[in-house]
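Asker: For reference, the structure I am asking about is given below.
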Amino acid sequence: MKKILFNLLVFVSIFVFAVMPVLSIAGTTDTDSPDPDFVAGHTLVPCGHVVDGTIPNPCSFKDALTMINAIIAFILFKLAVPVAAVMFFYAGLKMVTSGGSPESRGMAKKIFTNTAIGLFVAAGAWVIINTILTILGFDGSWIGFS
């Protein structure tokens, strides 16, 4: 029972540390955005907001693709990479402190392998989404290659 409670506490702690920056960023505004159509204060959906009773910037297909890109970039770069770094650190610590135990070393190697596979899957998903967005007509300036 104590092990389950400890694991739950560790999970909740990691989750809280991962979510807190998101909550602090949620209220920020970006008035220095290079996009002239950007409405300050709305970072996820950059269009369609009512200003003085009218909608000066109605949403278009490009705005939907921009929102999809923002979500994918957040998940890949702000969640997957830091979690992978923590898991690599944990696996390395477990391997160093294994004391020659084959079970601990095997578990550490399994964590290393699963983390690397997870990063490759996340990067592969990003490539697939990037390809689909490019086919749909998104210009690709968000990845810095245009």
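Asker: Test each condition in (1) surrounded by 11 or more Cβ atoms within 10 Å (Cβ to Cβ); (2) modelled with pLDDT of 75 or more; (3) in contact with a helix residue (DSSP H, G or I) (Cβ under 8 Å, 6 or more places away or on another chain) for GLY106 and report the one that comes out false.
Answerer: It is condition (3) that GLY106 fails.
Asker: Further question: Please count how many residues of segment 113-140 are over 20 Å from the mean Cα position of the chain (by Cα) and over 20 Å from ALA70 (Cβ atoms).
Answerer: Residues in segment 113-140 being over 20 Å from the mean Cα position of the chain (by Cα) and over 20 Å from ALA70 (Cβ atoms): 1 in total.
Asker: When both residues are 6+ apart or on different chains and their Cβ atoms are under 7 Å apart, which pairs have a first residue that lies in segment 103-127 and is in contact (Cβ under 8 Å) with a residue 24 or more places away in the chain and closer than 14 Å to LEU76 by Cα, and a second that is in a helix (DSSP H, G or I) and among the β-branched types (Val, Ile, Thr)?
Answerer: From segment 103-127, the pairs are TRP126/ILE72.
Asker: Looking at segment 66-103, which of its residues are surrounded by 13 or more Cβ atoms within 10 Å (Cβ to Cβ) and assigned to a loop (DSSP other than H, G, I, E, B)?
Answerer: Hit for segment 66-103 is SER98, nothing else.
The values are calculated or read from the model by the stated rules, or taken from the named source; none is laboratory data. Fair warning: this is a prediction, and the values are worked out from it, not measured in the lab. Heads up, the Cβs are rebuilt from the backbone with ideal geometry, glycines too, and the neighbour counts pull from every protein chain shown.
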